[in-house]
Structure formats: C-alpha cells, structure tokens
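Enquirer: Below: one structure in structure tokens.
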Amino acid sequence: MLPFLVRLRLRQNEATVKGIHAVLEYDADALSLVGVSQGDLVTRQSDLVFFKSLDQDAGVLVDAALMGRGLTFTGSGEVATLTFDVLETGGMPRLVIMMAKATPSRS
C-alpha cells in the first residue's frame, strides 16, 4: 500500500482565528485513513489547544481551538496532516474538502 498525505493549512492568519473545523470526505474503497497528527501551527502555540479528529461515515472531521477567552492562533501554518493508505491503484483517489471553517475570536 502506498501512503498518501493530506496537509490541512491555515494561511494569512493575523491572530484572528480561535478555532478551525474541517470535514474531508474520501472514497473508503480507494483510501484507508491511517491517522491524523497535529501540525506545526497547533504544536507551537504557547496556550492550551483542543485538537480532535474523528473518522466517521461522512468523512474525517478535524477540529482545533485555543482554550481560553480572547485567545487566537498565532500565525499561519499546518493544522493537521492526514495519512491515508491507497487501496486501489490506477487513478487519483476521491478526496473532497466538504467544509473548512475558521472561527474568529469574539473576545
């Protein structure tokens, strides 16, 4: 099986984003989710970050949020890396970002 990496990134953030929610749909006949790891944007924050991923029938959900009133992500970067095994060869596996939402701080 061949590994297939998907990187979820936040760009052009000027310390306004408090939370990130993404849903990625994929063809389970062609891809198998191996794991989801925190990206550098999440790991380099000095405050506590909630990070969770769930593999469900509707796809993979990835959530990240700074814990605490008025806190926001500092800078831009990789939120998560999703690793898949390619089960079928002979074409590009179907992977669709169904939703990606950055929630601003409401201080």
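The values are calculated or read from the model by the stated rules, or taken from the named source; none is laboratory data. What you see is a predicted model, and the numbers here were worked out from it, not measured in a lab. Note: ideal-geometry Cβ built from the backbone for every residue, glycine included; neighbour counts use all protein chains shown.
Enquirer: Condition first: free of Cβ contacts under 8 Å to residues at least 12 places away in the same chain, closer than 16 Å to Glu25 by Cβ and not in a strand (DSSP E or B). Now tell me which residues in the range 56-96 satisfy that.
Expert: Answer for the range 56-96, where residues must be free of Cβ contacts under 8 Å to residues at least 12 places away in the same chain, closer than 16 Å to Glu25 by Cβ and not in a strand (DSSP E or B): Asp57, Met92.
Enquirer: Which one of the conditions (1) within 13 Å of Leu10 (Cβ to Cβ); (2) over 12 Å from the mean Cα position of the chain (by Cα) does Ala64 fail to meet, given that it meets all the rest?
Expert: Evaluating Ala64 over (1) within 13 Å of Leu10 (Cβ to Cβ); (2) over 12 Å from the mean Cα position of the chain (by Cα) leaves (2) as the failure.
Enquirer: Which pairs do you get when a residue that is more than 19 Å from Thr74 (Cβ to Cβ), found in the range 12-28, comes within reach of a residue that is surrounded by 20 or more Cβ atoms within 10 Å (Cβ to Cβ) and of a type in the set (Val, Ile, Thr), reach meaning Cβ atoms under 6 angstrom, with the pair 6+ apart or on two chains?
Expert: These pairs meet every condition: Ala22/Val62; Leu24/Val60.
Enquirer: Any chance you could count how many residues in the range 1-49 are in contact with a helix residue (DSSP H, G or I) (Cβ under 9 Å, 6 or more places away or on another chain) and over 15 Å from Thr81 (Cα atoms)?
Expert: Residues that pass the stated criteria total 2.
Enquirer: Quick one: in the range 1-55, which of the residues that are part of a loop (DSSP other than H, G, I, E, B) and of a type in the set (Lys, Arg) is nearest to Leu95 (Cα to Cα)? Before the answer, list the steps.
Expert: Step one: list which residues in the range 1-55 are part of a loop (DSSP other than H, G, I, E, B), which gives 1, 11-16, 27-30, 39, 44-48.
Narrowing the set further to residues that are of a type in the set (Lys, Arg) leaves 11, 44.
Details: Arg11: 21, Arg44: 28 Å.
The extreme case among them is Arg11.
Enquirer: Okay, moving on. For the range 12-27, enumerate the residues that are of a type outside the set (D, E, K, R) and surrounded by 14 or more Cβ atoms within 10 Å (Cβ to Cβ). Before you say what the answer is, go through the steps one by one.
Expert: The initial filter retains those residues of the range 12-27 that are of a type outside the set (D, E, K, R), namely 12-13, 15-17, 19-24, 26.
Once the filter is applied, which keeps residues that are of a type outside the set (D, E, K, R) and surrounded by 14 or more Cβ atoms within 10 Å (Cβ to Cβ), the range 12-27 yields Asn13, Val17, Gly19, Ile20, His21, Ala22, Val23, Leu24, Tyr26.
Enquirer: A follow-up question, please. Tell me which of these Met98 doesn't satisfy, since it passes every other one: (1) under 16 Å from the mean Cα position of the chain (by Cα); (2) at positive phi.
Expert: The single condition Met98 does not satisfy is (2).
Enquirer: Testing Thr43 on (1) among the polar types (S, T, N, Q); (2) modelled with pLDDT of 95 or more; (3) under 17 Å from Phe4 (Cα atoms), one condition comes back false. Which one is that?
Expert: Tallying (1) among the polar types (S, T, N, Q); (2) modelled with pLDDT of 95 or more; (3) under 17 Å from Phe4 (Cα atoms), Thr43 fails exactly one: (3).
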